[in-house]
1. Can you match semi-axes √(5λ) of the Cα gyration tensor in Å to one of these, (i) 38, 28, 20; (ii) 42, 22, 21; (iii) 58, 26, 24, based on a calculation from the structure here?
2. Within the range 145-218, list the trypsin sites (Lys or Arg not before Pro) lying in a DSSP loop whose Cβ has at most 15 other Cβ atoms in a 10 Å radius.
3. Which order do peptides 135-144, 280-289 fall in by mean Cβ count within 10 Å, highest first?
4. Non-local amide H neighbours of residue 96 (under 5 Å, H modeled in plane, Pro and chain starts lacking H): which ones?
5. Two-decimal Rg/Rh of the range 318-378 from alpha-carbon positions, Kirkwood Rh?
6. Between residue 94 and residue 297, what is 0.36 nm times their sequence separation minus the Cα-Cα distance? Round to one decimal in nm.
7. Work out the FRET efficiency for residue 268 and residue 206 from their Cβ-Cβ distance, taking R0 = 25 Å, and round it to the nearest 0.05.
8. Under 5 Å between amide H atoms, partner at least 5 residues away or on a different chain: which partners does residue 366 have, H built in plane at 1.01 Å?
Amino acid sequence: MIRVATNIPEFFYPKAEYIFRFFSHLWGVPVSISRYPLQAEKADIMYSSNHQDRHQGAVCIPFNERLYDAECRCDSVRHDGLTIWSMSGSERDSPDIVAGSYRLLTFLDEQQVPSDARDRRGIFFSHALPAPRRRTARLPLVDYHAQYLLRQLTKSRSDFTWPAVPKWPGGKKYAIAVTHDTDAVSLGAAKELGTNFAKFLIRRDLIFLDMFLSGVRYIGKPTENPFFGFPLWREFETSRQFYSCFYLFAKVVPLKKDINNCKSSVVEQRIDWDILRRMAASGWEFGFHAPIDPENKLDAFVEGKRWIEEKLRTPIYGLRHHYWALDWTKPQVTFRKHIDAGFRYDTSIAWKDIAGFRAATCHPFRPFDPEQERPLDIYEIPTCLMDGHIIKNPDDVSSAVEEGLGIVRKVKEQGGVVVLDWHTETACNAYNYRSHLTVLRHILEPLLEDG
């Protein structure tokens, strides 16, 4: 048991408790948190706004109220060989890693992204981030904070030992979760045909002409066409002895039209549902790929979940938003709707255009609701690597693999979970998805050898 004492304004206590509970999860060690002064045993960690608070043997974290303000300008500093997120210009020897972790897990730095850098959904490219956050977007900073604090605790208490609860079963050091967003299921769907022909005319790219001509051959044959990737993934994954999760796009209630919503889905295409049912019965997971909806209507989550469950004849528990399109002004509002719809986890936290760690962690966490001042009853499993993040040139497989493995190494170092997002339709390894499956195979090979 690690004992934490706090001497900070009451308004910030729930936020601090949230972070220490998360650190406890990363350490595998329980913590007790109390308001100062302690009534019984002395503290191992002291989080205080009073610089005179010192306890023999305790690690002292100085409280910095400004770090809880979204407008606070932050930068990275190096401590004990680790990168720490702190207020720009603050004392290098005394970072408030609790507040720094809170602002990262609640995306406060993103509030500094100007509105003209966001699209109509509030989504932005990584280059719009404040420069220091952009430089650290590929680092699991919160995990570094927890690691730094544990090191300080060990240094201050040479006699301090504890039995850590294993993070992963069977002695495993980290986890891999392969997932697939099902953005398209048929090249022969009318909207796919129209979109690909229009792209050919506008861009003069022969790939889209090839996709259009291929689609014509598969009109009315959605289960046979190259974008119906489920059997291909089943074969690929069975040969490597793992199972993945497919998020199915399903727009089943009226929503405002969005040009970037999926052009062919399992809803309007007459697919062979027995293929998916057999996969679900054999161990593959299925979830909901939520459509882009500026209002994030509760009905869209409820009915989408119910529709998929009725088709699969099995419950689903997770979801991921198409285009990562949460309500990024107040993500907690979207998470509440997930809970109300019956979901247990979400995987929508990721950068739009680069691999990395948007919540600055490679571990599952419960999102904090600043309005209710508590963590919500749902888990976020952040996605760190998507096919489109790293595959820019299909002829340069090695660069994509190297970048992908670089992200994986950071997760392995922290004992987290590598959440990969390879779209269902990329299993064809052709057209504008050429080399996608090849890159994934080269990324997975060394990981599967790890056991």
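Any read-out appearing in this document is the output of simple, stated calculations on the displayed coordinates, not a laboratory observation. These figures come from a predicted structure and were not determined experimentally. We place every Cβ from the backbone using ideal geometry, glycine too, and count neighbours over all the protein chains shown.
1. (ii)
2. On the way: sites: 151, 155, 157, 167, 172, 173, 191, 199, 203, 204, 217; in loops: 157, 167, 172, 173, 204.
Answer by residue number: 157, 172, 173, 204.
3. Details: 135-144: 21.8, 280-289: 18.8.
The peptides rank, most packed first, as 135-144, 280-289.
4. The list, which skips near neighbours in sequence, is 87.
5. Details: Rg = 11.4 Å, Rh = 12.2 Å.
Rg/Rh: 0.94.
6. Working: separation 203, 0.36 × 203 = 73.08 nm, distance 4.40 nm.
This chain segment gains 68.7 nm when fully extended.
7. Working: r = 28 Å, r/R0 = 1.13.
It comes out at approximately 0.35.
8. 380
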